[in-house]
Amino acid sequence: MSATLDRADFADLVRDELGIDIAETELDRPFDALPGWDSVHLLTLLSLLEKETGTPLSLPDFLDAQSLASIYELVTR
C-alpha cells in the first residue's frame, strides 16, 4: 500500500470496495460488531490489498486480525 494511504483512505477503500459502511474512527471495532461483515469480506480485502500493494500478504496474519485497524497495521508496517 502506498505510504500516502492513511486510515481515512483505508476506510474509504473498505466502504467503496466491500460495501461496509464504516468511518475511520470505527476501524478498531471488532469484526463481529461490523454490520454485514463475514469471512468472505476478509478474503476479498486480502485480495484487494495484495493487488493494491503488489505484495503478497499473509493469510494467517489476516485470520488472526481482530479488526480492520489490525488489517491496516499489517499492510502498512
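The values are calculated or read from the model by the stated rules, or taken from the named source; none is laboratory data. Since the structure is predicted, the reported quantities are computational estimates derived from the model, not experimental observations. Counting neighbours? That spans all protein chains shown, and the Cβs are built from the backbone with ideal geometry, glycine included. For accessibility, only protein heavy atoms count, side chains too; no ligands or nucleic acids. Shrake-Rupley method; radii C 1.70, N 1.55, O 1.52, S 1.80 Å.
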- [ ] Taking the residues in the range 23-36 that are under 19 Å from Leu5 (Cβ atoms) and hydrophobic (A, V, I, L, M, F, W, C) as candidates, determine which candidate is least open to solvent (accessible area, probe 1.4 Å).
- [x] Leu27
Open item on the list: Looking at the range 9-18, can you tell me whether even one residue there is within 17 Å of Asp61 (Cβ to Cβ), of a type outside the set (Asp, Glu) and modelled with pLDDT of 95 or more?
Closed with: no
Task: Selected residue (criterion: farthest from Leu74 (Cα to Cα)) from residues of the range 37-61 that are in a loop (DSSP other than H, G, I, E, B) and open to solvent by less than 60 Å² (accessible area, probe 1.4 Å) - done: Trp37
Open item on the list: Conditions first: (1) open to solvent by 60 Å² or more (accessible area, probe 1.4 Å); (2) outside any helix (DSSP H, G or I). Ile20 passes all but one, so which condition is the exception?
Closed with: (1)
TODO: Any residue in the range 65-77 that's in a helix (DSSP H, G or I): show its pairings with residues that are polar (S, T, N, Q) and open to solvent by 20 Å² or more (accessible area, probe 1.4 Å) at Cβ separation under 9 Å, as long as the two are six or more apart or on different chains.
DONE: Leu74/Ser58; Val75/Thr53; Val75/Thr55
